[in-house]
Amino acid sequence: LADTAVENAEARQALANAGVRMEGSRAYFLPEFVEEHLQALKENWAGQAARRNAP
């Protein structure tokens, strides 16, 4: 379980809505949550690169 401080109230609310456990300004991320979102980012980046490189 990783944690980080989140000072922005809108960001804290968005994280809480996404299922991240919040305690004050601390956000606690499960490894599965991080891996899932990293995979989505990688897929998005790959798609953007493919579109840029398309003839």
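Considering only residues that are modelled with pLDDT under 90 and not polar (S, T, N, Q), look in segment 1-28 and name the one that is surrounded by the fewest Cβ atoms within 10 Å (Cβ to Cβ). Lay out the reasoning, then the answer.
Filtering segment 1-28 for residues modelled with pLDDT under 90 gives 1-4.
Those still in the list that are not polar (S, T, N, Q) too: 1-3.
Details: 1: 8, 2: 10, 3: 12.
Applying the filter and picking the extreme gives 1.
Is it true that some residue in segment 4-17 is in a loop (DSSP other than H, G, I, E, B) and out of contact with any strand residue (DSSP E or B) (no Cβ under 6 Å at 6 or more places or on another chain)?
Quick first cut of segment 4-17, residues in a loop (DSSP other than H, G, I, E, B) only: 6-8.
Subsequent filtering for residues that are out of contact with any strand residue (DSSP E or B) (no Cβ under 6 Å at 6 or more places or on another chain) retains 7-8.
Checked segment 4-17: at least one residue is in a loop (DSSP other than H, G, I, E, B) and out of contact with any strand residue (DSSP E or B) (no Cβ under 6 Å at 6 or more places or on another chain).
Looking only at segment 18-55, filter to residues that are assigned to a strand (DSSP E or B) and hydrophobic (A, V, I, L, M, F, W, C); which one of those is nearest to the chain's Cα centre (by Cα)? Can you show your working first?
Taking segment 18-55 as the starting set, the residues that turn out to be assigned to a strand (DSSP E or B) are 21-23, 26-29.
Filter once more, so that each one left must be hydrophobic (A, V, I, L, M, F, W, C): 22, 27, 29.
Working: 22: 14, 27: 11, 29: 9 Å.
Only one residue tops the list, namely 29.
The values are calculated or read from the model by the stated rules, or taken from the named source; none is laboratory data. Just so you know, these numbers come straight off a predicted model, no measurement behind them. Cβ coordinates were reconstructed from backbone atoms using ideal geometry, including for glycine residues, and neighbour counts include every protein chain displayed.
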